[in-house]
Amino acid sequence: MPLEVESKLLIVDDLPENLLALEALIRAPAQPVFQATSAEQALDLLLENEFALAILDVQMPGMNGFELAEMMRSTERTRHIPIIFVSAAGREMNYAFKGYESGAVDFLHKPLDAHAVVSKVNVFVDLHRHRKALRYEMEALAELHRQQETLVEQLKTTQRELERAVRMRDDFMSMVSHELRTPLNTLYLETQVRKLHLSKSNFSPFAADKLPAMIERDQRQIQNMVRLIDDMLDVTRMRSGALSIQPKLFDLSLLAQRVVESLAQQAEAVGAEFRLAAPAPVHGIWDEFRIEQVITNLLTNALRYGGPHAIDITVSGGAKGALLSVRDQGIGVAPEDQARIFEQFERTADSRKHAAGLGLGLYITRQIVRLHGGDIHLESAPGQGALFTVELPLQAPAATPE
């Protein structure tokens with residue numbers, strides 16, 4: 001308890017027998033007594049300890065008790081220590097007046113009244129303990145206040161995160177419904193037009209030379225829906241920590257070539273051109289399906305925002321790992337948005353104007369790369385295109401079970 005704290009007492013007298021007698025009189029539990037036979041020795045003790053009370057003999061060789069008291073009052077550390085003067089001189093010396101003038105709280109004459117000494121010491125010890133208790137309570141209140149302020153800030157942060165999560169959920173549902181509705185509406189309109197032709201016995205749109213284009217349109221819309229659903233499933237797995245990788249040996253350069261070929265028609269449709277620089281095989285142990293997903297996401301992202309310009313893809317390898325880079329010549333990304341676009345459902349204002357999407361592609365890409373022990377970096381500026389660089393170690397972490 002605060003009132004049971006240790007209260008140290010300092011007694012100063014040049015006569016050892018006086019010190020022994022006084023210490024025997026005032027010693028008590030949790031009340032250690034420190035002795036000094038000179039003012040200089042007392043100053044050393046005052047620098048090392050916090051005292052509840054100092055009892056000073058007035059008449060000492062060298063620095064006397066009054067001079068010691070003046071030095072104590074001039075220092076912040078010892079200014080508030082109560083001082084009781086003790087003197088064997090007669091009352092006619094007017095020492096009491098000088099003692100009070102020096103800042104003493106009391107003045108005792110020798111021979112000492114044992115009962116009076118003990119009573120006075122107990123008063124100042126109690127005052128010291130109450131003062132310490134008050135200090136503890138003030139410190140405890142201050143700490144409690146700091147904790148409350150921290151808790152309030154944490155609650156505010158949590159509230160902001162919850163509000164953001166609600167907005168993200170609402171935006172997500174809105175985007176999902178919009179993105180899924182687009183291919184569904186296209187398929188629905190296609191079927192309505194076909195039903196109209198059939199109702200009028202008009203079979204020319206179903207001629208053999210037109211069927212491949214019709215099927216390709218349907219497949220494209222179905223693939224769009226499958227891609228959106230896959231993205232949502234991947235994000236769900238990532239949040240739960242269930243997305244795993246199954247590494248095996250394959251050639252990254254060959255995989256990049258296959259992805260470029262599979263997206264060639266999409267590039268042609270927007271007037272873009274893929275330029276792949278993969279002069280040598282780059283073998284590594286990665287999850288081929290997931291790395292294909294990374295390359296596809298980066299290339300489709302470049303097609304969306306790169307415009308009718310060339311898109312450069314580079315694959316290279318070394319002793320420490322593999323590098324895959326994709327550079328477009330599109331709208332670019334402002335510095336303040338470059339970290340944000342790798343978060344889920346995050347898109348820049350400019351990107352929303354150029355293409356639809358859920359804002360999941362780059363988030364999924366970064367998560368897959370990091371699952372492989374790698375990282376992805378972006379260099380870009382508004383209107384100057386974007387360069388995405390993927391770094392992969394030559395061997396991904398061990399496979400984890402689905």
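The values are calculated or read from the model by the stated rules, or taken from the named source; none is laboratory data. All figures in this text were calculated on a predicted structure; none of them were measured in a lab. Backbone-built Cβ (ideal geometry, glycine too); neighbour counts: all protein chains shown.
Computed values, structure above
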quantity	calculated
Residues (of a type in the set (S, T, N, Q) and either in contact with a strand residue (DSSP E or B) (Cβ under 8 Å, 6 or more places away or on another chain) or surrounded by 13 or more Cβ atoms within 10 Å (Cβ to Cβ) (or both)) located in segment 263-304	GLN266, GLN293, THR296, ASN297, THR300, ASN301
Extreme residue, farthest from ALA302 (Cα to Cα), among residues of segment 263-276 that are modelled with pLDDT under 85 and of a type outside the set (A, V, I, L, M)	GLN265
Residue match in segment 94-111 (condition: among the β-branched types (Val, Ile, Thr), modelled with pLDDT under 85, closer than 25 Å to GLU6 by Cα and under 56 Å from the mean Cα position of the chain (by Cα))	yes
Whichever residue in segment 126-163 is among the aliphatic types (A, V, I, L, M) and within 19 Å of the chain's Cα centre (by Cα) and, among such residues, is modelled with the lowest pLDDT	LEU162
Exclusive hit being at pLDDT 85 or above, surrounded by 11 or more Cβ atoms within 10 Å (Cβ to Cβ) and of a type outside the set (A, V, I, L, M), set PRO205, PRO247	PRO247
Residue list for segment 116-154, filter: under 15 Å from LYS8 (Cα atoms) and of a type outside the set (A, V, I, L, M, F, W, C)	LYS120, ASN122, ASP126, HIS128, ARG129, HIS130, ARG131, LYS132
Matching option when the condition is surrounded by fewer than 14 Cβ atoms within 10 Å (Cβ to Cβ), of a type in the set (Gly, Ala, Ser), touching a Leu at 6+ places or on another chain (Cβ under 9 Å) and at pLDDT below 80, among ALA399, ALA339	ALA339
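Each row is one residue, and each column tells you yes or no for (1) closer than 21 Å to LEU371 by Cβ; (2) of a type in the set (Val, Ile, Thr); (3) not in a strand (DSSP E or B).
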{"site": "GLN293", "(1), (2), (3)": "yes, no, yes"}
{"site": "THR296", "(1), (2), (3)": "yes, yes, yes"}
{"site": "LEU303", "(1), (2), (3)": "no, no, yes"}
{"site": "ASP312", "(1), (2), (3)": "no, no, no"}
{"site": "ALA319", "(1), (2), (3)": "no, no, yes"}
{"site": "VAL326", "(1), (2), (3)": "yes, yes, no"}
{"site": "VAL333", "(1), (2), (3)": "no, yes, yes"}
